Each structure stands twice: as structure tokens, then as C-alpha cells.
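Below is one structure, written out as C-alpha cells; comments come after it.
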Amino acid sequence: MKKLESREDIELLVNSFYDKVVEDETIGFFFKDIVNVDFKKHLPKMYSFWETILFGQMSYKGNPMAVHFPINALEAMEKHHFGQWLKLWKQTIEENFSGENADMAITKSENIAKLMAYKMEMARKH
């Protein structure tokens, strides 16, 4: 199994992940129906986001939480949605990579999913 160690690896991971997401019955509709994501713009942002998270490259500029609040206002983003996102992310990592950075990508994604699920729930209560 390959180690997760370059921008190219992140691109493979992110592309493979979003291939699963778009087809997923639980969360795909957020990307296709609610937002109609332009993947030509979205994917490069995700490459930079994960490159920053995993390698400290600081190539990502943005606020992922702020981007999700308007989506959450249109359609509730709930714990089970983040759970499915996490399941697909872990599955994609485990199919393609092993090693310390792969493990860190899973740990970081677990933290992100918990925080985002909590913040989206709190936003719906106010």
C-alpha cells in the first residue's frame, strides 16, 4: 500500500473520495441538488485544504465552516451526514494509502466531522 506523501497523492485521494460522494445516497444530493458544486473549482480547494492539514503547506486560503453554514440553512447537515462523509473518507484512504499521514488524515477528518456536525446543529438552533 502506498504512503500518502505528496500533492499528487492528495489529488488521487480527493478525486477518488468525491467520486464516491457524488454517487452516495446519503450525502450526494448536497453536492448535486442543494449546491450543484462546480468540481473544477471545488477540487483544487480540497487539494489545498488537505495539503495544508496534512503537510503544513499553507496552500489553503478560506474558512470551511463559513462555507457550510449557508448550505446548512438550505438543508440541515446532520450528524448522520457527517458520519457518512467520514465513512467514505476512511474507506477511500484505506483503499489507497497506509502509513502515518494516512492515519493522520483519518484522525483529522474525525475531528473535522465532529466539529462541523456540532456547529451545524448549533446554527440550526439559533
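The values are calculated or read from the model by the stated rules, or taken from the named source; none is laboratory data. What you see is a predicted model; the values in this text were computed from it and never measured. Because the Cβ atoms are built from the backbone with ideal geometry, glycine has one as well, and the counts that use them run over all protein chains shown. We work out accessible area using only protein heavy atoms, side chains counted, and drop any ligands, DNA or RNA first. Shrake-Rupley method; radii C 1.70, N 1.55, O 1.52, S 1.80 Å.
Brief remarks on what is shown
- Taking every C-alpha pair closer than 8 Å and separated by at least 6 residues, the mean separation divided by the residue count of the stretch 1-79 gives a relative contact order of 24 percent.
- Per residue, the average separation of C-alpha pairs within less than 8 Å and at least 6 apart gives the stretch 11-126 a relative contact order of 29 percent.
- Rounded to the nearest 20 debye, the dipole size of the stretch 17-124 about its Cα centre is 420 debye, using +1 on the Cβ of Lys and Arg and -1 on the Cβ of Asp and Glu.
- When +1 charges are put on Lys and Arg Cβ atoms and -1 charges on Asp and Glu Cβ atoms, the dipole computed for the stretch 55-104 relative to its Cα centre reaches about 180 debye.
- Think of the chain as having a plus end and a minus end, set by charges on the Cβ of Lys, Arg, Asp and Glu; of N96, L13, A123, A123 sits farthest toward the positive end of this dipole.
- Measuring spread by the Cα atoms of the chain yields a radius of gyration and Dmax of 14.2, 46 Å.
- Across the options F55, A105, L74, the greatest Cα extent toward the positive end of the charge dipole of the chain (unit charges at beta carbon of Lys, Arg, Asp, Glu) belongs to L74.
- Counting only protein heavy atoms and a probe of 1.4 Å, the accessible surface of the chain is 53% carbon and sulfur.
- Loop-resident trypsin sites (Lys or Arg not before Pro) (DSSP state other than H, G, I, E or B) in the stretch 13-43 with no more than 13 further Cβ atoms inside 10 Å of their Cβ are absent.
- For the pair K114 and E75, label points projected 7 Å from Cα toward Cβ lie 2.7 nm apart.
- Dipole in debye (nearest 20) - the stretch 21-72, about Cα centre, beta carbon charges: Lys, Arg +1; Asp, Glu -1: 320 debye
- Rounded accessible area per residue of the chain, 1.4 Å, Å²: 59 Å²
- Calculated FRET value between N96 and K41, using beta carbons and R₀ = 25 Å, to 0.05: 0.60
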